[in-house]
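Asker: A single structure is presented below for examination.
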Amino acid sequence: GIQVEQSPPDLILQEGANSTLRCNFSDSVNNLQWFHQNPWGQLINLFYIPSGTKQNGRLSATTVATERYSLLYISSSQTTDSGVYFCAVERGTYKYIFGTGTRLKVLA
Amino acid sequence: EPEVTQTPSHQVTQMGQEVILRCVPISNHLYFYWYRQILGQKVEFLVSFYNNEISEKSEIFDDQFSVERPDGSNFTLKIRSTKLEDSAMYFCASRTYGGATEAFFGQGTRLTVV
């Protein structure tokens, strides 16, 4: 089956710093989403981005489907950005395969 | 904005007991899902449901699990006889149809089996 790898696995930032999270997948996909899991375990939809670029406030995402990767950019990070970021992909069947996640901690 | 809602947010149950986790998908959605996340691990697919039947299930989804859409609005996951290893976060999701569409996830139910 398709493999989804995220990097880095862990990231510590000072408040105000920028960061780039990466999601690599081993085969072509029809769908891709990014999620933020907050410290309470809730899963927050960030982007639905099977291709192209989207922006939402301080967050933006780019998926280059032909090269099998997606990037999530966080600018001017805040302590509330802390948590785990997951990408999830679908190929063929209508179910998401989640990546291993990037654990982000933003220090005040 | 429409959202998927899950209840309860946290449930504690004794080993061997039956539990039912409830989800209200977005009203015009046709595909429904349950996913599971054991603490510290990644989110895993359990089952998909369309047209009142299971479309696909993972090997985790054994005979102890069942899903139902009892009344046209709720979507439930039942675990018949819980085990310690069923302790996890359970997420419900829905989408309009199975193609190139966004899946909307609920905020999860944390199940603790003691």
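Asker: In the protein assembly as shown, what is the volume of the convex hull around the alpha carbon atoms, normalised per residue and reported in Å³?
Answerer: 120 Å³
Asker: Go through A:Asn56, B:Asn74, A:Gln42 and say which Cα lies farthest out towards the positive end of the charge dipole of the protein assembly as shown; charges sit on Cβ, +1 for Lys and Arg, -1 for Asp and Glu.
Answerer: A:Asn56
Asker: Can you work out the Karplus-derived ³J(HN,Hα) for every residue in the stretch B:63-69? Use 6.51 cos²θ - 1.76 cosθ + 1.60 with θ = phi - 60°, whole Hz, and x for glycine or proline.
Answerer: Values per residue, Gly and Pro as x: 5, 6, 9, 8, 10, 7, 10 Hz.
Asker: Projecting each Cα onto the charge dipole of chain B (Lys/Arg +1, Asp/Glu -1 at the beta carbon, about the Cα centre), which of B:Ala88, B:His10, B:Ile26 comes out farthest on the positive side?
Answerer: B:His10
Asker: Charges only on Cβ, +1 for Lys and Arg, -1 for Asp and Glu: so what's the dipole of the protein assembly as shown about the Cα centre, in debye to the nearest 20? Kindly include the intermediate steps, with their values, before the conclusion.
Answerer: Numbers: 18 positive and 21 negative charges, 58 e Å.
So the dipole magnitude of the protein assembly as shown works out to roughly 280 debye.
Asker: Can you work out the PRE-style zone for A:Asn30? Point 7 Å along Cα to Cβ, and I want the residues of the stretch A:85-108 with backbone N under 11 Å.
Answerer: Those under the cut-off are A:90-95.
Asker: Another question about this same structure. Name the residues whose placed amide hydrogens come within less than 5 Å of the amide hydrogen of A:Ser82, ignoring near sequence neighbours (fewer than 5 apart) on the same chain.
Answerer: Excluding prolines and chain starts, which carry no amide H, the hits are A:Val106.
Asker: Here's something else I'd like to know. Quick one: 3J(HN,Hα) in Hz for the stretch A:18-28, Karplus 6.51/-1.76/1.60 with θ = phi - 60°, rounded, Gly and Pro as x.
Answerer: 9, 8, 10, 10, 10, 10, 10, 10, 8, 8, 5
Asker: Just to check I understand the Karplus step: with θ = phi - 60° and J = 6.51 cos²θ - 1.76 cosθ + 1.60, what whole-Hz values come out for the stretch B:99-114, glycine and proline as x?
Answerer: So the J values, rounded to whole Hz, are x, 7, 9, 6, 9, 9, 9, x, 8, x, 10, 8, 9, 10, 9, 10.
Asker: Could I ask something else about it? Compute a Gaussian network model of chain A, connecting alpha carbons closer than 10 Å, and tell me which residue from A:Tyr73, A:Tyr85, A:Tyr94 fluctuates the most.
Answerer: Of A:Tyr73, A:Tyr85, A:Tyr94, the most mobile in the Gaussian network model is A:Tyr94.
Asker: The stretch B:1-64 to the stretch A:11-34: how many Å between their Cα centroids?
Answerer: That distance is 26 Å.
Asker: Can you divide the C-alpha Rg of chain B by 2.2 N^0.38 Å and report the result to two decimal places?
Answerer: Numbers: Rg = 13.3 Å, N = 114, 2.2 N^0.38 = 13.3 Å.
Working it through for chain B, the quotient is 1.00.
Asker: Here's something else I'd like to know. Could you tell me the relative contact order of chain A? Use alpha-carbon pairs under 8 Å, at least six residues apart, and round to a whole percent.
Answerer: RCO, chain A: 38 percent.
Asker: A follow-up question, please. Set the Förster radius R0 to 41 Å, insert the Cβ-Cβ distance between B:Lys83 and A:Ile2 as r into 1/(1 + (r/R0)^6), and round the FRET efficiency to 0.05.
Answerer: Using R0 = 41 Å, I get an efficiency of 0.90.
Asker: Over the stretch A:1-45, what is the relative contact order in whole percent, taking alpha-carbon pairs under 8 Å and six or more residues apart?
Answerer: Over the stretch A:1-45, the number comes to 34 percent.
Asker: Now a separate question. What dipole magnitude, in Debye to the nearest 20, does chain A give about its Cα centre under +1 on Lys/Arg Cβ and -1 on Asp/Glu Cβ?
Answerer: Working: 8 positive and 7 negative charges, 22 e Å.
Dipole about the Cα centre, nearest 20: 100 debye.
Asker: So how strong a dipole does the stretch B:5-113 carry about its Cα centre when Lys and Arg Cβ are +1 and Asp and Glu Cβ are -1, to the nearest 20 debye? Show your work: numbers first, answer last.
Answerer: Numbers: 10 positive and 12 negative charges, 56 e Å.
Roughly 280 debye, rounded to the nearest 20.
Asker: Just checking the output field for B:100-108: average partner chain Cβ neighbours within 10 Å of each residue's Cβ?
Answerer: Taking all residues of B:100-108 together, the mean is 6.
Asker: So, one more: Can you order the peptides B:6-18, B:80-92, A:12-24 by their average number of other Cβ atoms within 10 Å per residue, highest first? Don't skip to the end; give the middle numbers.
Answerer: Values: B:6-18: 13.0, B:80-92: 17.6, A:12-24: 15.2.
Sorting B:6-18, B:80-92, A:12-24 by mean packing, highest first, produces B:80-92, A:12-24, B:6-18.
Where a number appears in this text, it was derived from the coordinates with a stated rule and is not lab data. Since the model is a prediction, treat every value here as computed from it, not as a measurement. All Cβ positions, glycine included, derive from the backbone under ideal geometry; neighbour counts span all protein chains shown.
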